[in-house]
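**Q** Questions regarding the structure given below will be posed in turn.
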Amino acid sequence: MLKKYNFEKYFDCFIKIIPLNAAVILAMTVYRVWFFFYFSAGQSFSGFYWDVLRAFWLGFRFDLSVLAYINALPALIFTLFLLLKNMRAFKIASFFTAVYFWFAFMFILFLNFVDIGFFTYFHERINLLLFDFFLDDTSALLATIIKDVRFYEALALFLAAGFALYKLCRFVYKNIASKHCIIAAEYWNVWVKTVIVLTVVFLTFLFARGTVSMFPLGTFYTQISPNAFLNKISISSLHSLFDAISAKSEQSKDKIDIPSKLGVDKENIDLSVFGKITAENHAASEIKPNVVFIILESFGELPVLYNGENFNVLGNLKKHFDEDIVLYNFLAAGKITINALESTILNMPQRPFGLQITQSPKAFYAYPSSVALPYKKAGYLTKAVYGGSLSWRGLETFLKAQGFDKLYGEGSIKNEYRHQWGINDKQFFEMLLRELKADPQKPKFIYALSTATHPPYETPPYFKPLPLEIPKELKETMPEEKNVRKIFETYQFANICAAEFLDAVKNSELAQNTIIAITGDHNLREIRAKDEKDLFKKYAVPLYLYIPQKLKKPFNARVAGSHIDIAPTLYELSLSSQNYYAAGESLAGENKEGFAFNGDGFILSGDKAVLYNVSTGKTEYFDFDFNTKMLKYAESSNERLQMLERYKKTLAASDVYLRQADKKGENK
């Protein structure tokens, strides 16, 4: 009989909580099996049997993660008592541990019941809409729930399960509080004891994290199949809740009144300026071309400017750049991918301090400025292709709301040589080409976003890089990077894959009826601006356009543009007399100077530039050199002041528009 708490008792505690955890993990598995069969009634999973097994295996890992998080506190308590060694105090702690287990598992049980109700109503796992329960008429919602006969069945089951948990936790309490140990470990040597303690700590951390990959287990990993339902059954209700809370936290930051901050009177904001119409286009009416809008991860402009025989980052893409239209005075909407995605899909600029819409309740709204809407009106089939998980930042929900008929993520293609963010670019373009060739009877608009040129920068083992002698000047823009070559190998691989896609299109019947736009979401993350004179290079991404001969229009090679101008340009090339809603404008026209700006307040038009800090109001003026892409400080002028005024009005109007979210088009 033990008189004090020692290693033997420490080890005994972990053995005695195994039955409780085994029972809970079994119950979680039974719950997931029930969830699968209950909500999949009538669905056929022919051809997806392997995906079903993968979904359940991933679900098991999510459940282990939940258990590890719950067991972390008891594990800490058991370990701390190795220092205290007081058996009487441990008895009190063991009672607390049992109560803690009961409350923790009851919370998970309650959350699972909430998840069932949520899925029944929304066909989604717990997400941001959960918080609307408290913003709506909560008493009326509760009354509606109570009137449902299933509520009483669920309540009875909940109480029964709660009672069973109580009995199990009480049994565990009596066992761990007992001075009797199941295994005599008193005489084990110090090294064995040390290994066991460290193993407990390591396994708790590993199971909680759920993976040895770069990112811990989360909704990001649930995109495992082309079947949307299978992608929804894996995640635990607790992980879903944490994601919803995180998104809610981001939403709370959206408090700044941008028009007031910019000094723009809301009463004088005219949103009708966003309403536009394409010119009459007989060729477009006759051909009804496919339109493919591709955004490549980290496809920054600066490496392109250094492309050459010994630093061959473009590969065969150089041939296409030479043959077709490339605009180099072009700005990304912001610094991160979600900035580019929202700006190009909603045809609105990235707002300083603005909330990411995909992680807010407004992700469920149908915006009249959606990039897909003019094509849907013209009878197009609209598709979205993403190289990663459609669960990322609520992308699936957002894209559906914006009118895309079909969505494809990394689960929609056989996954070979996956990187941390999704499929590699060869697979991405294979999927894109497949969807372009599919449904040949209808014209298609495809919006596509890759993920590959992203830390940790991985290429498939079969890839053999072309020469990459990195110029000294380029290296100097990346002073903190040690593995610069690996970065450019990934960048090069993406461009080679893009060139193969263009070759496939141009060498097929698609060449005469397909328009392709390719740009980057932002510059390479590692590239730094040395000072204000390099600012353009920090933000620049190229815009490549392939346009069949019959649809071509003249372009000014020096025109300034940004992400919000891409869709209006595509509309002008592919649609005739079509109404659309957008903050940007078409870049087609040999005399166009263009007007470009981004979320950091950098503004460019012709050979003039302005940098405006929304937070402080500080304004700097520049001349822009088309050849060197460098800025030079300049004095204020009427033209630059007009650029600043236009920027403020556009930004203020877009903020008002996005906040009001077109409630008439709300799509919940």
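Every read-out reported here was derived from the displayed coordinates using simple, explicitly stated rules and does not represent laboratory data. These numbers come from a predicted model, not from an experiment. Because the Cβ atoms are built from the backbone with ideal geometry, glycine has one as well, and the counts that use them run over all protein chains shown.
**Q** Non-local amide H neighbours of GLY300 (under 5 Å, H modeled in plane, Pro and chain starts lacking H): which ones?
**A** Under 5 Å from the amide H of GLY300: LEU524.
**Q** So which aspartates and glutamates pass the test for LYS179, namely a Cα distance under 12 Å, with those fewer than 8 places away in the same chain ruled out?
**A** GLU8, ASP12
**Q** Same structure again: Highest first, please rank the peptides 450-462, 532-544 by the mean number of other Cβ atoms sitting within 10 Å of their residues.
**A** Values: 450-462: 19.7, 532-544: 22.0.
Most protected by this proxy first, the peptides run 532-544, 450-462.
**Q** Place a +1 charge on the Cβ of each Lys and Arg in the chain and a -1 charge on the Cβ of each Asp and Glu, then give the dipole magnitude about the Cα centre in debye, rounded to the nearest 20.
**A** Using Cβ point charges on Lys, Arg, Asp and Glu, the chain gives about 2520 debye.
**Q** Okay, moving on. Which percent, nearest 5, of DSSP beta bridges in the chain are antiparallel?
**A** On the way: 29 of 53 bridges.
Bridges in the chain that DSSP calls antiparallel: roughly 55 percent.
**Q** Report, in debye and to the nearest 20, how large the dipole of the stretch 321-422 comes out about its Cα centre when Lys and Arg carry +1 and Asp and Glu carry -1 on their Cβ. Please report the intermediate quantities before stating the final value.
**A** On the way: 11 positive and 8 negative charges, 100 e Å.
With Lys and Arg at +1 and Asp and Glu at -1, about 480 debye.
**Q** Any idea how far the Cα center of the stretch 78-132 sits from the one of the stretch 377-444, in Å?
**A** First find each Cα centre; the distance between them is then 38 Å.
**Q** Mean residue ellipticity at 222 nm from the helices of the chain, using -39,500 (n - 2.57) per DSSP H segment of n ≥ 4 over the full residue count, to the nearest 500 deg cm²/dmol? Walk me through the numbers on the way to the answer.
**A** On the way: 23 runs with 309 residues, N = 668.
Taking each H run of at least 4 residues, the total per residue is -15000 deg cm²/dmol.
**Q** If you don't mind, another one. For a protection proxy built on the mean count of beta-carbon atoms within 10 angstrom, sort 516-525, 217-226 highest first, please. Write down the numbers at each step before the final one.
**A** Numbers: 516-525: 24.7, 217-226: 21.6.
Top of the packing list down: 516-525, 217-226.
**Q** Here's something else I'd like to know. Tell me, what is the Rg over Rh of the stretch 255-395, with Rh the Kirkwood radius over Cα pairs? Walk me through the numbers before you get to the answer.
**A** Values: Rg = 18.8 Å, Rh = 18.8 Å.
Taking Rg over the Kirkwood Rh, I get 1.00.
**Q** Would you indicate which of (i) 42, 30, 24; (ii) 42, 27, 25; (iii) 52, 29, 26 is the value of semi-axes √(5λ) of the Cα gyration tensor in Å derived from the coordinates of this structure?
**A** From the options (i) 42, 30, 24; (ii) 42, 27, 25; (iii) 52, 29, 26, the structure gives (iii).
**Q** Okay, moving on. Roughly what angle does helix 484-506 make with the longest principal axis of the chain, taking Cα atoms, 0 to 90 degrees, to the nearest 10?
**A** Computed tilt is about 60 degrees.
**Q** For LYS261, give me every one of the lysines with a C-alpha distance below 17 angstrom, ignoring sequence neighbours fewer than eight places off in its own chain.
**A** Within reach: LYS253, LYS618, LYS648, LYS649.
**Q** Rounded to whole Å, give me the distance from the Cα center of the stretch 213-284 to that of the stretch 493-535.
**A** Distance between centres, Cα-based: 24 Å.
**Q** Next question, about the same structure. Checking the cross-link filter: which aspartates and glutamates have an alpha carbon closer than 19 Å to that of LYS482, excluding same-chain neighbours under 8 positions apart?
**A** Within reach: GLU458, GLU469, GLU473, GLU526.
**Q** Please report, in whole Å, how far the alpha carbons of the stretch 7-249 spread along each principal axis, starting with the longest.
**A** That works out to 59, 40, 34 Å along the principal axes.
**Q** Length gain on complete extension for the stretch LEU157 to LYS376, per 0.36 nm per residue less the alpha carbon to alpha carbon distance?
**A** Details: separation 219, 0.36 × 219 = 78.84 nm, distance 4.69 nm.
This chain segment gains 74.2 nm when fully extended.
**Q** Report the relative contact order of the chain, percent, no decimals, based on alpha-carbon pairs under 8 angstrom and at least 6 residues apart. Working shown, then result.
**A** On the way: 1099 pairs, mean separation 121.4, N = 668.
So the answer I get is 18 percent.
**Q** For the stretch 267-594, what does the alpha-carbon gyration tensor say about shape, rounded, prolate or oblate, given a ≥ b ≥ c as the root eigenvalues, a/c under 1.5 as rounded, and a/b over b/c as prolate? Before the final figure, lay out the partial values.
**A** Working: a/c = 1.36, a/b = 1.30, b/c = 1.05.
Rounded, because the longest to shortest axis ratio a/c is under 1.5.
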